[in-house]
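This report concerns only the one structure given below.
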Amino acid sequence: MTKLPWYPLSLFSVSLTTTLLVYLSLGNLPPRESGTLTLRPTIPPVEASNSIRQGQAITLNGKTYQVPWTQWQQGDKIRTGISDIGAMNLLGLELLSTNDPSLQPVRWFGTDSNQPLPILARFIAPYRYLDITELISLAGGQLKVNNNTLELNFPLAQINNIRQGNQTWGKRIVLEVDRPTVWQISQAKGHGVVMISGQASQTKLSDYDASFSPKPSLDTDEDDLGSAVSQPIDSSLFSLEDTGNLTKVHVNLPTAHGLNVFSLSNPNRIVIDVRADAMVPKEIVWTPGIIWRQQLVTINSGRKQETFPVNWLEIDQRSPRISLKPITSNFNGQTGTAPLVTTAQKWQAAAAINGGFFNRNNQLPLGAIRQDNSWLSSPILGRGAIGWNDKGQVYMNRLALRETITTATGNTIPIAFLNSGYVQAGVSRYTSQWGQSYTPLSDNETIIFVENNRVTYQQQAGKAKTKSYPIPKNGYLLTIRKNAVSSSLMSPGTNLTLQSNTIPTEFNQLSHVLGAGPLLISNRRIVLNAVSEQFSKGFQKQKASRSAIGLTQRGTIMLLAVHTRVGGSGASLDEMAQIMQRLGATDALNLDGGSSTGLVLGGQLIDRSPVTAARVHNGIGVFVNP
């Protein structure tokens, strides 16, 4: 592929007027009414054929990130787009609410939430891209394409002043910079890092921690610290690290606190707020059929009210453009885990949420996964599940799969599990959906080979996990555990008849099923019963990060992630049910939680930092069809 030369991009004035003039040259923008910009670009949607280059990696000032990008020809100019969540994470853009998926207002330096910078957005499945061509010039950046990598380079800003102040809700750190610049954020429990493309003087680096006394702010229009007097720098709150082309601001986070980072102008500042309610509420129509919302949801918990920051997607699966499907980390079997982002990217899903339970040690599924009418893994313990099909039908209930094998002599043998990592005494069945072979999960199993509904061979296995047995392509394997059934009932040459049925039978009509549990809401009522679904007492009492899937009265699907309450611990199962009910769920199912909790949009996690997310076995992918 031909390499593009470097594009010199002059530093534009960071005024809203100049920015709007740039965008007025791209499309017709009506005048602002009642303090709100209503923008209607006239540029038609980009078709796949208009794309001239694309890739999955961006190098920013020498460091590579896995972020989708694309370039397209518009007139005689080449436009550059970055996936919107990627642009938010890489460049420090604050994406603001919008009901127009083709236009994304952002807050960045010379703009604010009342007069945002409007950026054209284009959906090229499976991602939504922001046209950052002009925005790069605002920061004096340069770009070029090197094979499949987009290289971005920005001049380093000079950090001239650092101040700290107290607010009623927490603490604020302000860094004054001499020019607009970009930054990235990483957060883990108790620790946050803001990586700024800028440099602080050696004096600032050596003196900031204890003795730095800031000069009074010269910005008389806005007191960004929230008080008339700046506070001495508190070295226990943050520290600086110079890495050459980055200044890292390391922030010590109190329990259940997070970072809200944004920029201001006159002078240019990067503001770091440390607060319990760091989430900024927003509603973004991402593409027709997918809405991204961030909300603070208050519920009654015990004798007091609790507020939870909630990230969720509303999916209109009835749209012919939208479809959902269970996704797994391994295309060729059921063993394996991967970051949810990686699995979503591999499946080319526009969005995804983590799914059902699995065994972290052997990386095998522990619950229902049915994909395109094929059981990848059977339900266990009568736990809650959701099923759906491409006609827009959705159903939630507690689920069981009843399979039996009848021999030619009339003996009926129950099948306990199908393609499952859940080990109990009885007979289990494994098909090619499990993989090319089966490795015994317990000692001394009896392996029975079935081809074309006829037993062909039996073999006594030894110690678990020591030998694998090929699964017939035109049949399946049966494994007898704990001598629960006499193997003589299925001697070689015996013809077998298999019957399979779900309970309730409604699941039989649904091509996709994902099980987890417990069931939270049914027909608008909270029906939580973790005991009946055989969850442990510890799980029942646990307060943790949680994810859930729900159905609204409008018939749309909710994908939701919750971590900690404002200033406190994670959500209990009962609190999760109340959150779903408060958001309008008529039916809801708890999914795997804790470190597995993850919500992906546009190829990136939107509910947590990737460093805190564990690998998962499966999830639910959302696909946008052309």
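Among the residues here, residue 303 qualifies as farther than 25 Å from residue 553 by Cβ, out of contact with any Gly (no Cβ under 9 Å at 6 or more places or on another chain) and in the same structural domain as residue 549 (by TED's automatic domain parsing).
Looking only at segment 614-626, count how many residues are touching a strand residue (DSSP E or B) at 6+ places or on another chain (Cβ under 6 Å) and farther than 16 Å from residue 324 by Cα. The number of residues fulfilling the criteria is 3. Taking strands (runs of 3 or more DSSP E) as the structural unit, those lying wholly within segment 117-230 and holding at least 2 residues that are within 21 Å of residue 258 (Cβ to Cβ) and either under 33 Å from the mean Cα position of the chain (by Cα) or modelled with pLDDT of 90 or more (or both) correspond to 157-167, 170-177, 183-188, 191-196. Residue under question is residue 570, and the condition is that it be within 16 Å of residue 355 (Cβ to Cβ), surrounded by 17 or more Cβ atoms within 10 Å (Cβ to Cβ) and touching a residue at least 24 places away in the same chain (Cβ under 8 Å); does it hold? For residue 570, the condition - within 16 Å of residue 355 (Cβ to Cβ), surrounded by 17 or more Cβ atoms within 10 Å (Cβ to Cβ) and touching a residue at least 24 places away in the same chain (Cβ under 8 Å) - is not met. I'd like to know if segment 369-385 contains one or more residues that are within 17 Å of residue 520 (Cα to Cα) and either in the same structural domain as residue 450 (by TED's automatic domain parsing) or out of contact with any strand residue (DSSP E or B) (no Cβ under 8 Å at 6 or more places or on another chain) (or both). Yes, some residue in segment 369-385 is within 17 Å of residue 520 (Cα to Cα) and either in the same structural domain as residue 450 (by TED's automatic domain parsing) or out of contact with any strand residue (DSSP E or B) (no Cβ under 8 Å at 6 or more places or on another chain) (or both).
For segment 336-356, the candidate set comprises residues that are hydrophobic (A, V, I, L, M, F, W, C) and not in a loop (DSSP other than H, G, I, E, B); within that set, the residue that is surrounded by the most Cβ atoms within 10 Å (Cβ to Cβ) is 353.
Answer with yes or no whether residue 491 is farther than 27 Å from residue 370 by Cβ and of a type in the set (Ser, Thr, Tyr). So residue 491 passes the test.
Among the residues of segment 458-478, those identified as in contact (Cβ under 8 Å) with a residue 24 or more places away in the chain, farther than 10 Å from residue 430 by Cα and either outside the structural domain of residue 443 (by TED's automatic domain parsing) or not in a loop (DSSP other than H, G, I, E, B) (or both) are 458, 469, 470.
One line per residue, one yes/no per condition, for (1) surrounded by 15 or more Cβ atoms within 10 Å (Cβ to Cβ); (2) out of contact with any Phe, Trp or Tyr (no Cβ under 8 Å at 6 or more places or on another chain):
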{"residue": "505", "(1), (2)": "no, yes"}
{"residue": "518", "(1), (2)": "yes, no"}
{"residue": "528", "(1), (2)": "yes, yes"}
{"residue": "547", "(1), (2)": "yes, yes"}
{"residue": "553", "(1), (2)": "no, yes"}
{"residue": "560", "(1), (2)": "yes, no"}
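Within segment 556-603, the set of residues being under 23 Å from residue 275 (Cβ atoms) and either of a type in the set (S, T, N, Q) or outside the structural domain of residue 339 (by TED's automatic domain parsing) (or both) comprises 564, 569, 597. Just wondering, is there one or more residues in segment 603-622 that are at positive phi, of a type in the set (Gly, Ala, Ser) and surrounded by fewer than 24 Cβ atoms within 10 Å (Cβ to Cβ)? Scanning segment 603-622, I find no residue that is at positive phi, of a type in the set (Gly, Ala, Ser) and surrounded by fewer than 24 Cβ atoms within 10 Å (Cβ to Cβ), so the answer is no. Within segment 274-298, if we keep just the residues that are outside any strand (DSSP E or B) and not charged (D, E, K, R), the residue that is nearest to residue 107 (Cα to Cα) turns out to be 280. For segment 418-473, the set of residues classified as among the aromatic types (Phe, Trp, Tyr) and within 21 Å of residue 491 (Cα to Cα) consists of 430, 438, 449, 457, 469, listed by residue number. Taking the conditions (1) touching an Asp or Glu at 6+ places or on another chain (Cβ under 9 Å); (2) closer than 30 Å to residue 173 by Cα; (3) modelled with pLDDT under 95; (4) surrounded by fewer than 19 Cβ atoms within 10 Å (Cβ to Cβ) in turn, residue 301 satisfies each one other than (2). Got at least one residue in segment 416-430 being assigned by TED's automatic domain parsing to the domain that holds residue 533, in contact with a strand residue (DSSP E or B) (Cβ under 8 Å, 6 or more places away or on another chain), among the hydrophobic types (A, V, I, L, M, F, W, C) and buried (at least 21 other Cβ atoms within 10 Å of the Cβ)? No: zero hits. Condition first: outside the structural domain of residue 331 (by TED's automatic domain parsing) and under 30 Å from the mean Cα position of the chain (by Cα). Can you find one or more residues in segment 434-452 that meet it? Among the residues of segment 434-452, at least one is outside the structural domain of residue 331 (by TED's automatic domain parsing) and under 30 Å from the mean Cα position of the chain (by Cα), which makes the answer yes.
The values are calculated or read from the model by the stated rules, or taken from the named source; none is laboratory data. Worth saying up front: this structure is predicted, and the values here are computed from it rather than measured. Backbone-built Cβ (ideal geometry, glycine too); neighbour counts: all protein chains shown.
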